[in-house]
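Below: one structure, written as structure tokens.
The values are calculated or read from the model by the stated rules, or taken from the named source; none is laboratory data. What you see is a predicted model, and the numbers here were worked out from it, not measured in a lab. Cβ placement follows ideal geometry from the backbone for every residue including glycine, while neighbour counts extend to all protein chains displayed. Heads up: the accessible areas ignore ligands, DNA and RNA and are worked out on the full protein's heavy atoms, side chains in. Shrake-Rupley method; radii C 1.70, N 1.55, O 1.52, S 1.80 Å.
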Amino acid sequence: MAAACSNKIIDVFWHEGMLNHETGKGVFDSGTDPGFLDVLEKHPENSDRIKNMVSILQKGPISPYISWQLGRPAQVLELLSFHAPEYIDELVEADKQGGKMICAGTFLNPGSWDAALLAAGTTLSAMKHILDGHGKLAYALVRPPGHHAQPKQADGYCFLNNAGLAVQLALDSGCKKVAVIDIDVHYGNGTAEGFYRTDKVLTVSLHMNHGSWGPSHPQNGSVGELGEGEGLGYNLNIPLPNGTGDRGYGYAMKELVVPSIHKFEPDMIVFVVGQDSSAFDPNGRQCLTMDGYREIGRIVHSLASKHSGGQILIVQEGGYHITYSAYCLHAILEGVLDLPQPLLCDPIAYYPEDEAFAVEFVEATRKYHKEMVPFLKGT
């Protein structure tokens, strides 16, 4: 295995200070105690989920393929490449005042701002590692997550858009075109909003069809949200029918994502991963298993080999089943490494799937793209 590892390494950027973001207990993610429950559950975005992701990479069969790198906090000035100054000022002031609920389910508590700065800086370090030629595969293992954070708005457990900051760094460092492939079960609305009016970034999001969920998340994630101005057609939403599993996701990747990436020809790929699209996640309604995640990882590997010289920045987002999220992460990284055989068996995988609804949706979406997306016409 040592010989194989010499050519296949993922640099994992991590800092244990991100565990200090305490999200509390209550009814799911509300932080409320109704007074009649003996056991209050932890907020779904809690440190246990990340501890298991760290430990499976340290001790699991993939560990020989992992090189650990220390993360660092972002400087406030670095955040202004994506976020508005007044929004950052709001977060800084909230931290000084001891924290508050920024929006529904999203709590900035003592320690949260420092953790958010670590998540942003760690992701920026991972991207710079690739840009400086020190490695081709880097994974920012970070929390709080970021892909819902918009330039002027927190949302969905997210304060700072870690992936968006990394994309902007790539552009500022000379990359001509960056593709974002987001497989978190929720729409990556913050990243999309940040690049909605540019043709330099292609944002592709595969998510469940959840629509808008309130003032902090006005975007609905529909296929009709295509971008504006120069960015028209460069935001591709794939709101898969609820219950879509391995075959449905695989079909969407091959029929929608792969052709769009081939046509766009990015020189950097940012792979935004959330294991909340698994069959057992409490915060999603999709049915991916380890096999499905592994295959998605392989497809992204193939796209990077063709277009970005093998360069992929992987950024962690959701994934709230304390055990299965770690297993699914393991599978994703196996796929990105393009390993010939699975290293880890799925402990709870079997789930019957009828992909007919997903296939029907993908075919309709492909037809829509050909009619409405300028750079995809004729594909």
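Of note:
- Counting only residues at least eight positions apart within a chain, or on another chain, the lysines with an alpha carbon under 16 Å from that of LYS200 are LYS176, LYS177, LYS263.
- The stretch 227-379 - charge dipole about Cα centre, Lys and Arg +1 at Cβ, Asp and Glu -1, debye rounded to 20: 320
- Per residue, the accessible area of the stretch 150-244 comes to 30 Å² when a 1.4 Å probe rolls over the protein heavy atoms.
- Mean ellipticity per residue at 222 nm, deg cm²/dmol - from DSSP H runs of n ≥ 4 across the chain, formula -39500 (n - 2.57): -11000 deg cm²/dmol
- Most simply put, the chain has about 20% antiparallel DSSP beta bridges, counting only bridges with both residues inside it.
- Ligands, DNA and RNA left out, the accessible area of the stretch 216-272 computed with a 1.4 Å probe is 49% carbon and sulfur.
- Here the dipole of the stretch 84-171 is about 300 debye; that uses its Cα centre as origin and unit charges on the Cβ of Lys and Arg (positive) and Asp and Glu (negative).
- Karplus-derived 3J(HN,Hα) values for the stretch 129-145, using 6.51 cos²θ - 1.76 cosθ + 1.60 with θ = phi - 60°, are 4, 6, 4, 7, x, 7, x, 9, 10, 9, 10, 8, 8, 9, 8, x, x Hz; glycine and proline are entered as x.
- Shape category assigned to the chain from the gyration tensor of Cα positions, a/c cut at 1.5: rounded
- Interchain or long-range residues, amide H under 5 Å from MET268's placed H: LYS177, ALA179
- Based on C-alpha pairs under 8 angstrom that are at least 6 apart in sequence, the stretch 176-242 has a relative contact order of 36 percent.
- Each label was represented as a point 7 Å from its Cα along the Cα-to-Cβ direction; for SER222 and ASN242 these points are 1.8 nm apart.
- Most mobile listed residue (GLY231, GLY174, GLY211) in the chain, GNM with C-alpha springs under 10 Å: GLY174
- Once the 1.4 Å probe is applied to the protein heavy atoms, the stretch 23-88 comes out at 52 Å² accessible per residue.
- Euclidean distance between Cα centres, the stretch 316-370 to the stretch 99-160, Å: 23
- Probe 1.4 Å, accessible area per residue of the stretch 293-379, Å²: 43
- For the chain, the dipole from Cβ point charges (+1 on Lys and Arg, -1 on Asp and Glu) about the Cα centre works out to 900 debye, to the nearest 20.
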